[in-house]
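What follows draws every value from the coordinates through simple rules; no lab data is involved. Not measured: the values here are computed from a predicted model. Here the Cβ is made from the backbone with ideal geometry for all residues, glycine too, and neighbour counts use every protein chain on show.
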Amino acid sequence: MENIGLLIDGFGHILSWNHILLMMVGVTLGILVGVLPGLGAPNGVSLLLPLTFSMDPISAIILLSCMYWGALFGGSTTSILFNIPGEPSSVATTFDGYPMAKAGQASRALTLAFVSAGLGALAGVVMITLLSGWVANFALKFSSPEYFAVYFLAFASFISMGAQSPFKTLVSMMLGFALASIGMDTISGNLRLTFDIPELIKGVSFLIAVMGLFGIGELLLTTEEGLRFEGIKARVKLAEIGRTLVEIPRYWLTIARSTIIGIWMGITPAGPTAASFMSYGVARRSARDKSMFGKGDPRGVVAPETADHSAGTSALLPMLALGVPGSATAAVMMGGLMIWGLTPGPMLFTDRPDFVWGLIASMYLGNVVAVFLVIATVPLYASILRVPFSIIGPIIVAVIFSGAYQVANSVSDIFLVIGFGLIGYVFKKLDYPLAPLVLAMVLGDKAEDAFRQSMLMSGGSLDIFWSNALVAGLMTLGLALLLSPLAFWLIGTLRKRRHDAAPHGDGNAAA
Amino acid sequence: MSENSANGISRFTVELGVAALTGAFGVAVCYGSLDIGAGWSEMGPDAGYFPFYIGLLIVFGSLVNIVQAFLKHRGTGEVFIDAGRAKVVASFLLPLIAFGAIAAWLGLYIGTAIYIAATMFFQGRYKWWIALPAGLGVSLAFFLIFEIGFQVPLLKGPVEAWFGIY
């Protein structure tokens with residue numbers, strides 16, 4: 001197969017001590033941001049991004065993507081040992097992971113989590129290896145209207161599939177688009193929405209937004225909740241790792257099912273958080289013996305972890321092949337690609353095959369490196385969390401401020417980060433989702449360009465989005481998704497009304 | 001507002017406030033877009049064409065959120081933040097803003113050292129001989145990592161200039 005050959009070339013590009021070292025650095029930093037409260041994967045990648053501007057793109061993407069894998073692993077560690085999810089996507093792991101650790105099975109829970117996460121990630125990468133070339137080839141046929149339709153589909157699925165109120169998602173997303181359009185207009189060269197404030201001329205960087213929304217905002221929430229780490233002493237014993245590894249094949253069905261859920265949720269922009277919750281729910285519903293769920297059922301660790309990581313890796317497929325990232329972290333990485341002068345999307349596969357296949361090869365290797373590193377370093381990271389928050393918190397703030405300044409060497413960005421932090425704090429408390437805002441900020445310019453070019457092609461008529469089967473199909477799917485919450489709501493109220501009208505009709509259905 | 005109990009701000013008030021603010025932002029976006037031209041020019045859609053509709057959607061979403069706040073959160077007694085928690089959040093937020101101001105004036109290295117030492121001393125209740133070296137240590141570590149390791153400069157102020165470090 002053609003893809004396998006390309007993959008072997010990719011391994012040729014990345015197999016050097018330098019790159020392996022970068023992987024280890026990336027994974028280590030990733031575990032660190034995953035473990036620390038207030039620093040998550042999107043934030044960690046944003047903070048590291050300015051430091052990679054002078055690197056070559058392959059090294060830079062290896063460092064950043066490995067940080068992503070590390071952060072996913074780090075998030076599970078704190079879920080299991082401290083009952084504190086380091087990442088939103090590892091919330092579901094706390095349900096059964098923490099009870100297991102409390103019952104003295106910390107090593108077993110951690111090993112189960114890491115190995116099933118590794119398997120999920122590998123499945124995601126295999127999927128990318130097999131499908132990416134095909135998706136990219138398909139996308140080569142796209143012109144501006146099709147691109148706009150793909151963006152529309154991505155954003156529509158956010159509104160329909162998000163757990164939050166669709167209108168809050170809409171507002172959050174549109175704020176992102178508006179923020180992205182501040183500054184110089186790329187087509188006409190006019191200044192937009194700057195309101196004569198000189199600091200706004202350079203625009204608002206999505207990196208600043210991520211650091212504030214996810215970093216400072218999360219820290220404010222953490223302080224408010226009065227974080228207390230009641231950790232469980234974790235000593236990973238080799239014998240127990242061995243015993244757990246033998247146990248893994250027993251969960252093949254859970255792993256297979258969770259992988260499929262994860263891959264699907266990763267490709268569509270639902271993301272790892274939704275995937276892990278859904279996979280946990282499915283595992284519990286389909287289990288014959290549900291009594292242990294929530295009290296330390298190993299399947300309750302395996303299911304969300306597998307789905308979380310397969311979704312995390314799969315999120316890179318639409319980013320690479322279409323230029324539409326599947327998660328907030330993938331969005332930040334995509335922003336990074338654009339800063340390094342690469343254009344994500346199908347052309348990347350023909351222009352820079354060394355980069356694309358190098359990245360895919362590094363995903364295989366990086367995940368293996370991550371599994372070993374995380375098992376080896378768990379006790380070390382567990383001890384970091386015993387450092388009081390009055391030291392860790394301010395250090396994280398200082399790191400974020402430094403990162404914010406480095407984005408554009410601008411002092412005003414430091415205050416902008418504080419502003420975004422406040423927005424992040426309030427939005428989080430009111431259930432406004434933050435990921436759509438970030439995604440819209442990264443994609444804003446591209447979506448707008450696609451829209452304006454389509455309008456130019458058609459002379460201002462919206463008919464162009466229904467001019468051929470492909471674009472019409474994408475737009476219709478997007479509209480259907482957009483209207484689906486409304487349809488569900490209508491069906492729900494109709495059912496309720498019918499039920500209220502005939503309360504004794506069929507009483508069993510009510511229960 | 002009568003919704004507010006003595007011990008905090010109700011969620012309803014904050015929901016309304018946030019929706020009103022996003023709505024106002026939407027209006028500002030529409031106004032800014034009309035200002036630069038939201039119509040059609042010889043070169044195709046004008047610069048404000050796309051943002052204008054974005055602004056309209058923000059206004060629309062905010063209005064629905066206001067209605068939903070009335071439907072879902074009025075009179076539920078849900079508290080957004082109570083006085084005790086607000087104090088805790090402020091104790092983290094205010095030093096953070098002060099840090100921003102000091103950093104803008106004296107640079108990030110001095111700012112970091114002062115901020116870390118001060119929070120450790122005043123909030124962590126560490127002795128000054130632990131807090132001060134810790135602050136300086138973090139600042140020095142930043143210098144080694146960023147300036148020397150990655151060769152990206154951080155903001156420097158008058159103090160570094162005085163010592164001749166650029």
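Taking each residue of B:85-92 in turn, how many C-beta atoms of other protein chains fall within 10 Å of its C-beta, and what is the average?
Values: counts 4, 1, 0, 5, 5, 2, 1, 11.
Mean partner-chain Cβ count within 10 Å for B:85-92: 4.
For peptide B:150-156, how many partner chain Cβ atoms fall within 10 Å of a residue's Cβ, on average? Write down the numbers at each step before the final one.
Values: counts 8, 2, 10, 3, 6, 8, 0.
That average works out to 5.
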For this session: Specify the inter-centroid distance of region B:30-88 and region A:69-141, based on alpha-carbon positions, in whole Å.
Result: 35 Å
Problem set entry | GNM result for chain B, Cα springs below 10 Å: residue of B:Ile110, B:Ile66, B:Ile148 fluctuating most strongly | B:Ile148
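Ordered by packing density, taken as the mean number of other Cβ atoms within 10 Å over each peptide's residues, highest first, how do A:117-124, A:333-340, A:190-197, A:302-309 rank? If you can, show how the numbers build up before the last one.
On the way: A:117-124: 26.5, A:333-340: 21.9, A:190-197: 16.0, A:302-309: 35.8.
Those peptides, ordered most packed to least, come out A:302-309, A:117-124, A:333-340, A:190-197.
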For this session: Name the lysines eligible as straight-distance cross-link partners of B:Lys156: C-alpha to C-alpha under 27 Å, and not fewer than 8 places from it in the same chain.
Result: A:Lys202
Problem set entry | Options A:Ala139, A:Thr52, A:Val399, ranked by Cα towards positive dipole end of chain A, top entry (Cβ charges) | A:Val399
For this session: List the lysines whose Cα lies under 28 Å from the Cα of A:Lys295, skipping any in the same chain that are fewer than 8 positions away.
Result: A:Lys102, A:Lys233, A:Lys237
Problem set entry | Spatial separation of Cα centroids for region A:373-390 and region A:19-33, in angstrom | 15 Å
Exercise. What are the lysines whose alpha-carbon lies under 21 Å from the alpha-carbon of A:Lys496, with same-chain residues fewer than 8 places away excluded?
Worked result: B:Lys72
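If you average 1/r across every pair of different Cα atoms in region B:83-163 and take the reciprocal, what Kirkwood value do you get, in Å? Walk me through the numbers before you get to the answer.
Working: mean 1/r = 0.0741 Å⁻¹.
The Cα-based Kirkwood calculation yields 13.5 Å.
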Exercise. Label points 7 Å out from Cα along the Cβ direction at A:Ser458 and B:Gln151: separation in nm?
Worked result: 5.0 nm
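List the GluC sites (Glu not before Pro) in region B:76-166 that DSSP assigns to loop (not H, G, I, E or B) and whose Cβ has at most 16 other Cβ atoms within 10 Å. Which are they? Kindly include the intermediate steps, with their values, before the conclusion.
Numbers: sites: B:Glu78, B:Glu147, B:Glu160; in loops: B:Glu78.
Hits after loop and neighbour filter: B:Glu78.
Determine, for each peptide in A:23-35, A:67-79, the mean count of other beta carbons within 10 angstrom over its residues, then list the peptides with the highest first. Display every interim value, and only then the final one.
Working: A:23-35: 24.9, A:67-79: 30.7.
So the order, starting with the most tightly packed, is A:67-79, A:23-35.
Give me the percent of Cα-Cα pairs in the protein assembly as shown that sit more than 39 Å apart, rounded to a whole number. Before the final figure, lay out the partial values.
Working: 75770 of 228826 pairs.
Roughly 33 percent, rounded to a whole number.
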Exercise. So how compact is region A:50-157: Cα radius of gyration and Dmax in angstrom?
Worked result: 18.9, 57
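Please give the length that would be gained between B:Val89 and B:Phe163 if that part of the chain were fully extended, namely 0.36 nm times their separation in residues minus their C-alpha to C-alpha distance (nm, one decimal). All intermediate terms of the calculation are to be shown ahead of the outcome.
Working: separation 74, 0.36 × 74 = 26.64 nm, distance 3.68 nm.
Fully extending the segment from B:Val89 to B:Phe163 adds 23.0 nm.
Would you kindly calculate the mean projected area, averaged across all directions, of the convex hull enclosing the Cα atoms of region B:8-77, in square nanometres?
Numbers: hull surface 19.1 nm².
Averaged projected hull area, Cα only: 4.8 nm².
Is the shape of chain B best called rounded, prolate or oblate, per the rule: a/c under 1.5 gives rounded, else a/b larger than b/c gives prolate, else oblate, with a ≥ b ≥ c the square roots of the Cα gyration tensor eigenvalues? Don't jump to the answer; show the numbers that get you there.
Working: a/c = 4.09, a/b = 1.38, b/c = 2.96.
In terms of gyration-tensor shape, oblate.
Provide the gained length on full extension for the span A:Thr493 to A:Val387, in nm with one decimal, where the gain is 0.36 nm per separating residue minus the Cα-Cα distance. Walk me through the intermediate numbers first.
On the way: separation 106, 0.36 × 106 = 38.16 nm, distance 5.14 nm.
Computed gain between A:Thr493 and A:Val387 is 33.0 nm.
Taking a threshold of 26 Å on the Cα-Cα distance, which of the pairs A:Lys429/B:Lys127; A:Lys168/B:Lys87; A:Lys141/A:Lys168; A:Lys428/B:Lys87 fall above it? If you can, show how the numbers build up before the last one.
On the way: A:Lys429/B:Lys127 35 Å; A:Lys168/B:Lys87 28 Å; A:Lys141/A:Lys168 34 Å; A:Lys428/B:Lys87 19 Å.
Listed pairs above 26 Å: A:Lys429/B:Lys127; A:Lys168/B:Lys87; A:Lys141/A:Lys168.
What is the average number of partner chain Cβ atoms found within 10 Å of a Cβ in B:128-141? Could you put the intermediate results ahead of the total?
Details: counts 0, 0, 1, 1, 0, 0, 3, 3, 0, 0, 5, 1, 0, 1.
Partner-chain Cβ atoms within 10 Å, mean over residues of B:128-141: 1.
Please give me the summed charge of the neighbours of A:Ser291: other residues whose Cβ is under 13 Å from its Cβ, Lys and Arg +1, Asp and Glu -1.
Residues near A:Ser291 contribute +2 overall.
Work out the FRET efficiency for B:Arg74 and A:Ile197 from their Cβ-Cβ distance, taking R0 = 35 Å, and round it to the nearest 0.05.
On the way: r = 36 Å, r/R0 = 1.04.
With a Förster radius of 35 Å, E is 0.45.
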